[in-house]
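The values are calculated or read from the model by the stated rules, or taken from the named source; none is laboratory data. Please read these numbers as outputs of a predicted model, since none were measured by experiment. Cβ: placed from backbone, ideal geometry, glycine included. Neighbour counts: every protein chain shown.
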Amino acid sequence: MDQPSPIHARSPFFQFLGMKIVEQVDGRSTIELDMRPEFLNVSGIPHGGVIASLIDSACGVAATWVPPGAPRRKVMTLSLTTHYIAPAQGPRIKAIGRVRGGGRKTVICDAEVFDADGTLLATGVGNFRYRGDGKT
């Protein structure tokens, strides 16, 4: 496994939510998030905004993968569509993000979110723009 990009590990938002990048390789990422009481909605399940943030982050991490030694990339979200499928069970959820296409300035990614039992919770598709020349 390649080392996760240090830029994501330093993100205050990642740290605040407690997101952990467990994989970032060749246009793919896996991010895990341990559930905390403040992430739950009034029904006692993870708030949709938490799941959308995980989808957005998994896509962004996948989009910024570069081979070792290549200049680092940064992206910003242009659009994000999320489809909620099932409520989460268990103490942890994870998102798997993948690059699906794009060009020199933009990239399209999708992600799936699963609970600890492997149940598909949500899917999402995002369009992202590389910042700067795509290499900063």
### Task
Please work out which residue is farthest from the chain's Cα centre (by Cα), limiting yourself to the stretch 79-91 and to residues that are of a type in the set (G, A, S) and modelled with pLDDT of 95 or more.
A86
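For (1) over 13 Å from V125 (Cα atoms); (2) part of a loop (DSSP other than H, G, I, E, B); (3) in contact with a strand residue (DSSP E or B) (Cβ under 9 Å, 6 or more places away or on another chain); (4) in contact (Cβ under 8 Å) with a residue 40 or more places away in the chain, each residue gets a yes or a no:
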site	(1), (2), (3), (4)
L33	yes, no, yes, yes
C59	no, no, yes, yes
G69	yes, yes, no, no
V99	no, no, yes, yes
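In this structure, does K20 turn out to be under 18 Å from N127 (Cα atoms), surrounded by 15 or more Cβ atoms within 10 Å (Cβ to Cβ) and touching a helix residue (DSSP H, G or I) at 6+ places or on another chain (Cβ under 9 Å)?
Working: under 18 Å from N127 (Cα atoms): no; surrounded by 15 or more Cβ atoms within 10 Å (Cβ to Cβ): yes; touching a helix residue (DSSP H, G or I) at 6+ places or on another chain (Cβ under 9 Å): yes.
Answer is no for this residue.
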### Summary
Residue count, the stretch 126-136, condition in a strand (DSSP E or B) and either among the hydroxyl-bearing types (S, T, Y) or at pLDDT below 95 (or both), comes to 1
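Does L54 satisfy being among the hydrophobic types (A, V, I, L, M, F, W, C), in contact with a helix residue (DSSP H, G or I) (Cβ under 9 Å, 6 or more places away or on another chain), surrounded by 21 or more Cβ atoms within 10 Å (Cβ to Cβ) and not in a loop (DSSP other than H, G, I, E, B)? I'd like the intermediate steps shown before the answer.
Details: among the hydrophobic types (A, V, I, L, M, F, W, C): yes; in contact with a helix residue (DSSP H, G or I) (Cβ under 9 Å, 6 or more places away or on another chain): yes; surrounded by 21 or more Cβ atoms within 10 Å (Cβ to Cβ): yes; not in a loop (DSSP other than H, G, I, E, B): yes.
Criteria met by L54.
I'd like to verify a number: residues in the stretch 101-133 that are in contact with a strand residue (DSSP E or B) (Cβ under 9 Å, 6 or more places away or on another chain) and surrounded by 13 or more Cβ atoms within 10 Å (Cβ to Cβ), how many? Break it down stepwise before answering.
Kept after step one, since they are in contact with a strand residue (DSSP E or B) (Cβ under 9 Å, 6 or more places away or on another chain), are these residues of the stretch 101-133: 101-102, 104-116, 120-131.
In the following step, the residues that additionally are surrounded by 13 or more Cβ atoms within 10 Å (Cβ to Cβ) were identified as 102, 106-116, 121-131.
Of the residues in the stretch 101-133, 23 are in contact with a strand residue (DSSP E or B) (Cβ under 9 Å, 6 or more places away or on another chain) and surrounded by 13 or more Cβ atoms within 10 Å (Cβ to Cβ).
Residue-by-condition table, conditions (1) closer than 20 Å to F14 by Cβ; (2) at pLDDT below 95:
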| site | (1), (2) |
| --- | --- |
| I55 | yes, no |
| W65 | yes, yes |
| G69 | no, yes |
| R72 | yes, yes |
| I93 | yes, no |
| V107 | yes, no |
| A111 | yes, no |
| F114 | yes, no |
| G124 | yes, no |
#### Entry: Selection count, the stretch 74-89, where residues are assigned to a loop (DSSP other than H, G, I, E, B) and either among the hydroxyl-bearing types (S, T, Y) or within 18 Å of T30 (Cα to Cα) (or both)
2
